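Contents: one structure, followed by commentary.
The values are calculated or read from the model by the stated rules, or taken from the named source; none is laboratory data. Predicted, not measured: the structure shown is a model, and the values here were computed from it. Every residue, glycine among them, receives a Cβ derived from its backbone with ideal geometry; neighbour counts consider all protein chains shown.
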Amino acid sequence: MVKICCIGAGYVGGPTMAVIALKCPTIEVAVVDISVPKILAWNSDQLPIYEPGLDEVVKQCRGKNLFFSTDVERHVSEADIIFVSVNTPTKTRGLGAGKAADLTYWESAARMIADVSKTDKIVVEKSTVPVKTAEAIEKILTHNSKGIKYQILSNPEFLAEGTAIKDLFNPDRVLIGGRETPDGLKAIQALKSVYAQWVPEERILTTNLWSAELSKLAANAFLAQRISSINAMSALCEATGADVSQVSHAVGKDTRIGPKFLNASVGFGGSCFQKDILNLIYICECNGLNEVAGYWKQVIKVNDYQKNRFVNRVVSSMFNTVSGKKIAILGFAFKKDTGDTRETPAIDVCKGLLGDKAKLSVYDPQVTEDQIQRDLSMNKFDWDHPIHLQPVSPTAAKEVSFAWDPYEATKDAHGVCILTEWDEFKTLDFQRIFKQMQKPAFVFDGRNVVDVQKLREIGFIVYSIGKPLDPWLKDMPVMA
Ligand SMILES: NC(=O)c1ccc[n+]([C@@H]2O[C@H](COP(=O)([O-])OP(=O)(O)OC[C@H]3O[C@@H](n4cnc5c(N)ncnc54)[C@H](O)[C@@H]3O)[C@@H](O)[C@H]2O)c1
């Protein structure tokens with residue numbers, strides 16, 4: 001029986017391996033992690049991540065051919081194929097701080113593989129890594145090899161959180177990069193035969209190592225660029241009276257452009273987009289490609305601008321101050337159908353409002369109070385370091401409260417900010433919310449989920465990103 005081991009039981013390692021186990025009953029899959037609580041959770045009824053459809057997949061194979069374990073060394077030494085899906089955050093200090101990928105976790109995984117291996121291995125980069133990481137990993141492995149042969153493959157993951165299981169069942173493509181040597185091609189075939197159990201052959205692309213590594217960074221940069229493009233348009237729509245939803249619909253009808261990823265919002269978030277673009281920028285700069293680096297930098301700048309613009313709209317509409325005012329924050333996750341808050345725009349918006357001394361009441365159906373407190377008291381880029389648990393700042397704690405439902409969050413509030421597009425926000429009883437709020441009552445829709453006209457009829461002053469401005473807002477220009 002072929003044995004697979006995946007190092008890292010996170011948002012990628014857990015779902016990806018669960019789907020491989022489900023689709024390949026003759027393969028034994030072990031997912032290992034240094035985090036004991038995470039592995040305990042994977043072995044319980046309360047999985048450590050929320051992802052639609054994941055529970056069912058895990059329940060079907062756990063204990064049969066899918067195992068979650070902290071015995072990293074045993075499973076690594078027994079495996080034929082080792083996936084490495086550890087975190088690769090942005091470096092917080094030293095050379096390349098704030099831009100380059102931190103490969104500490106990756107390197108320690110590679111050294112551990114070299115230490116415990118007794119048979120030949122295929123080592124698969126699942127984490128998103130800088131171009132040429134495979135070369136570095138190969139060096140670590142071969143210099144410590146004790147005669148064991150390693151083949152390194154790059155197999156970046158393209159799943160999106162919130163639709164991970166759907167994406168894994170039916171991927172647009174699976175990308176496998178490897179060395180163009182006989183042993184390299186053999187390793188590519190071995191991994192290809194795993195995916196071929198459920199992915200049509202024509203969707204399994206094989207390339208050289210560097211193309212595979214770069215394609216992942218490029219794909220995330222292109223996706224984020226579309227969001228920044230429509231967000232840049234949203235600012236112009238507000239200035240001119242155009243409606244961004246109409247513009248994106250019209251633009252997206254062009255088959256050369258397509259309709260996806262053209263929703264204006266308070267900004268993109270998630271663990272990958274910003275980190276991967278920063279990494280791309282760093283690689284460009286290291287190669288002397290400053291113009292190219294500058295081009296991609298702008299995608300992040302527009303994203304930061306959009307978050308700032310949103311905060312400024314809130315503050316300027318409410319008579320230029322939110323000091324002491326209760327603002328309800330509906331949604332904290334970086335998008336719907338996930339509990340993940342890494343780099344969520346809600347962090348910057350909340351910090352911006354707290355900076356103006358607002359009192360926040362936060363409701364999110366999938367994010368815990370502890371998580372929100374941690375996020376609001378953490379420095380940028382610190383979130384992705386697993387051993388890093390920051391103390392909650394006492395000042396942040398006092399100004400932020402947590403609500404169990406949207407009605408509690410909005411009670412006596414002066415304003416409501418919608419920061420995640422959870423479906424349940426579309427069907428809220430806004431009449432009831434209006435009645436219990438301070439007047440004038442404001443709604444700031446950072447995801448364009450509410451029916452603006454209906455809310456205005458109820459009596460709300462509504463700001464919806466990229467939509468024609470409420471007369472109230474027209475008289476209160478925003479300084480961005
Ligand atoms: N989250 C996504 O949507 C997504 C999508 C595609 C690619 N990626 C990439 O995949 C990689 C993993 O992302 P994630 O979101 O799953 O991260 P994550 O933080 O959810 O999971 C990483 C796990 O690796 C574990 N780990 C770290 N070092 C280890 C070691 N030496 N031995 C054993 N376990 C170790 C951590 O404890 C953690 O549980 C990153 O490079 C990311 O960029 C993420």
Being within 15 Å of H414 (Cα to Cα) and surrounded by fewer than 22 Cβ atoms within 10 Å (Cβ to Cβ) is the filter here, so list the residues in segment 291-319 that pass it. S316, M318, F319
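It is to be established whether one or more residues within segment 234-244 are assigned to a strand (DSSP E or B), more than 16 Å from the ligand (Cβ to nearest atom) and in contact with a Gly (Cβ under 9 Å, 6 or more places away or on another chain).
Within segment 234-244 (the criterion being assigned to a strand (DSSP E or B), more than 16 Å from the ligand (Cβ to nearest atom) and in contact with a Gly (Cβ under 9 Å, 6 or more places away or on another chain)), the answer is no, since none of the residues qualifies.
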With respect to the numbered conditions (1) surrounded by 23 or more Cβ atoms within 10 Å (Cβ to Cβ); (2) within 12 Å of the ligand (Cβ to nearest atom); (3) over 20 Å from the mean Cα position of the chain (by Cα); (4) polar (S, T, N, Q), which one is the sole condition not fulfilled by Q151? (2)
May I ask you to list the residues in segment 43-60 that are of a type in the set (S, T, Y) and either within 14 Å of the ligand (Cβ to nearest atom) or closer than 23 Å to T163 by Cβ (or both)? Y50
Out of the residues in segment 242-251 that are surrounded by fewer than 16 Cβ atoms within 10 Å (Cβ to Cβ) and of a type outside the set (A, V, I, L, M, F, W, C), state the one that is nearest to K474 (Cα to Cα). Q246
Name the single residue, out of those in segment 413-454 being within 20 Å of T341 (Cα to Cα) and without any contact (Cβ under 8 Å) to a residue 60 or more places away in the chain, that is surrounded by the most Cβ atoms within 10 Å (Cβ to Cβ). D445
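Yes/no per residue for (1) more than 21 Å from V58 (Cβ to Cβ); (2) part of a helix (DSSP H, G or I):
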residue: E157; (1), (2): no, no
residue: A160; (1), (2): no, no
residue: D167; (1), (2): no, yes
residue: D172; (1), (2): yes, no
residue: I176; (1), (2): yes, no
residue: K186; (1), (2): yes, yes
residue: V194; (1), (2): no, yes
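Return the residues of segment 94-105 that are surrounded by 14 or more Cβ atoms within 10 Å (Cβ to Cβ) and either at positive phi or out of contact with any Ser or Thr (no Cβ under 6 Å at 6 or more places or on another chain) (or both); say none if nothing qualifies.
G96, K99, A100, D102, L103, T104, Y105
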Single match in G288, G352 (criterion: away from the ligand (no atom under 16 Å from the Cβ) and free of Cβ contacts under 8 Å to residues at least 40 places away in the same chain): G288
Could you please find all residues in segment 90-129 being within 11 Å of V76 (Cα to Cα) and within 12 Å of the ligand (Cβ to nearest atom)? A109, A110, M112, I113, D115, V116
Among A109, A134, the single one that is in contact (Cβ under 8 Å) with a residue 60 or more places away in the chain, assigned to a helix (DSSP H, G or I), out of contact with any Ser or Thr (no Cβ under 7 Å at 6 or more places or on another chain) and in the same structural domain as P15 (by TED's automatic domain parsing) is A109
Count of segment 112-131 residues which are assigned to a helix (DSSP H, G or I) and buried (at least 19 other Cβ atoms within 10 Å of the Cβ): 2
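Based on what the data block shows, is V76 touching a helix residue (DSSP H, G or I) at 6+ places or on another chain (Cβ under 9 Å) and either surrounded by fewer than 16 Cβ atoms within 10 Å (Cβ to Cβ) or more than 16 Å from K3 (Cβ to Cβ) (or both)?
No, not satisfied.
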Scan the helices (runs of 4 or more DSSP H) fully inside segment 331-407 and keep the ones with 2 or more residues being at pLDDT below 80. 394-399
Please indicate, with yes or no, whether at least one residue in segment 261-282 is surrounded by fewer than 22 Cβ atoms within 10 Å (Cβ to Cβ) and within 30 Å of K411 (Cα to Cα). yes
Mind listing whichever residues of segment 1-42 are surrounded by fewer than 18 Cβ atoms within 10 Å (Cβ to Cβ), under 24 Å from the mean Cα position of the chain (by Cα) and more than 12 Å from the ligand (Cβ to nearest atom)? L40
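Here is a yes/no grid of residues against (1) over 20 Å from I461 (Cα atoms); (2) not acidic (D, E):
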position	(1), (2)
F319	no, yes
I329	no, yes
F334	yes, yes
D340	yes, no
E343	yes, no
L353	no, yes
A358	no, yes
P365	yes, yes
E369	yes, no
